[in-house]
Amino acid sequence: MPIRPADDANVAERAFARLLQVIGPEPELLRLQEFNPSLSLVRDYASNALRTGLPSQEITLEVATILTTVDQAIRADIARRMRVHSKQFGGLARVVREIDKAPEAALSHVLTRELCTALGYGKAMYSVVSGSCWAPVTVAVNPELGAGFAPLVAAVDGRTIPLREAPREAELVRRRRSYAVGPSEVNRHTYRPLLDLSRPAGYLAVPIVVAERAVAIVHVDRHDNDLNDADFHLITSLAQACALSMESSRLRTAIAEKNRHTAAELDKLNRALRELESTVVTLDGLGDSPGETYHREYPSRTEEYLSSLTGREREVLALIATGATNAAISRRLCISDGTVKSHVQRIFKKIGVATRAEAAAQYAGHRMQPSLSA
């Protein structure tokens, strides 16, 4: 019975069944059955059988017909892929823009959604890598596949999986390199609980590498069809775009935190300077009572803090006020760096400051408070 090329989705399966009928249970053909044969595998077998020779002219003609049908299906698949890739390249710029706009917390949802809509893939899964574990956190399914993958969606819930249970993912994390799995390898060294729910003909797994470490894994398939080199390069490029987006986000966060810390330090310094500026000396009443000593009232902390310091601590504080470093103070006073550090810590505690700038401001403020007498 001839195979109709119109039944594109089942051509490989039907061609294989026809080969079994025509050639019989030949060992190499039976071995092919273990690999869920694809169009390319069936074509390779039929081509090799024609080259090595078959028992009769009738069988040769039948195998040649099967090969022709498979070739037609492959050409149709290539044409379909070209249309898909043409559409993909049109949507690629949109996907990159969406990745750039997405905050890191939403990146997994944005990437998997766009892979299955704008770029037309069957399923896409995003997993986070942490130490010796990986955790699938997001999965998207192409709307054209329907609701048949609800169990897969439910299974992707962020649960951590030891990498030792998924040899391919463990190798990807260790080497930080992408890999492609074809139909003949799809059941080998994989994490079967998820694979059995996804049932892809083949898939790609690509790491997202930040600071020379694989921080996430992206799995992508077309469900009924293999992926090719164009898919490999496209997904790898998107993973690199994700890595750049994550690095930029983390850098912005670090800069913002540094700015907050700097602003807090400047605020402390401004408060110290305002306190210094508000400490003024007035001459009111000096002419009213000749012969009397005039006493200016200062805040008790400013009056008392120098008297609480030892002679050596006052020397250290005076040098701090000049901007001297611990090393410079050590050389000037001929004491060790450790001793200088201990003096600085005690001085800060006694005068109630947290930074050298505040200590310098306190010292300058004290020196501006003279004891006036008539």
With a 10 Å Cβ neighbour count serving as the proxy for reagent exposure, in which order, fewest first, do Ile161, Ile255 appear?
Ile255, Ile161
Rounded to two decimals, the Debye log10 I(q)/I(0) of region 8-84 (Cα scatterers, no solvent) at q = 0.19, 0.20, 0.23 Å⁻¹ is -0.75, -0.82, -1.04
If I model a spin label as a point 7 Å beyond the Cα along the Cα-Cβ vector, how far apart are those points for Glu26 and Ala364 in nm?
9.4
On a 0 to 90 degree scale, rounded to 10, what angle separates helix 39-52 from the longest Cα axis of the chain?
40
Let me have the relative contact order for the chain, percent, based on Cα pairs under 8 Å that are six or more residues apart.
11
Quick check: pseudo-label points 7 Å beyond the Cα along Cα→Cβ at Arg188 and Arg164, how many nm apart are they?
2.4
Fewest first, what order do Glu212, Glu275 take by the number of other Cβ atoms within 10 Å?
Glu212, Glu275
Would you please give the FRET efficiency between Tyr179 and Ala263, computed as 1/(1 + (r/R0)^6) with r the Cβ-Cβ distance and R0 = 35 Å, to the nearest 0.05?
0.15
Among 230-242, 67-79, the order from most to least packed when residues are scored by Cβ within 10 Å on average:
230-242, 67-79
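How large is the dipole of the chain about the Cα centre if only Lys and Arg carry +1 and Asp and Glu carry -1, each at its Cβ, rounded to the nearest 20 debye?
On the way: 47 positive and 44 negative charges, 152 e Å.
Result for the chain is approximately 720 debye, rounded to the nearest 20.
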Report Rg (one decimal) and Dmax (nearest whole number) for region 119-171, counting Cα atoms only, units Å.
12.5, 36
With the chain treated as a Gaussian network of Cα nodes joined by springs under 10 Å, which of Ala170, Ala150, Ala102 yields the largest mean-square fluctuation?
Ala150
With R₀ set to 35 angstrom, the calculated FRET efficiency between the beta-carbons of Ala150 and Ile78, to the nearest 0.05, is 0.60
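Within a 10 angstrom radius of the beta carbon, how do Lys101, Lys341 rank from fewest other beta carbons to most?
Numbers: Lys101 10, Lys341 13.
Arranged by neighbour count, lowest to highest, Lys101, Lys341 become Lys101, Lys341.
Report D for the chain in µm² per second (integer): Stokes-Einstein, Kirkwood Rh on Cα pairs, 20 °C, 1.002 mPa s. Provide the component values of the computation, followed by the final result.
Numbers: Rh = 27.5 Å.
Diffusion coefficient, whole number: 78 µm²/s.
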Which lysines, on any chain, are close to Lys349 with Cα under 28 Å apart, when same-chain ones fewer than 8 places away are left out?
Lys258, Lys268, Lys341
Label Arg252 and Asn270 with points 7 Å out from Cα along Cα→Cβ: what is the distance between them in nm?
2.5
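Rule-based calculations on the coordinates, nothing more; no lab input. Computed from a predicted structure; not experimentally measured. All Cβ positions, even for glycine, are placed from backbone atoms using ideal geometry, and neighbour counts span all protein chains on display.
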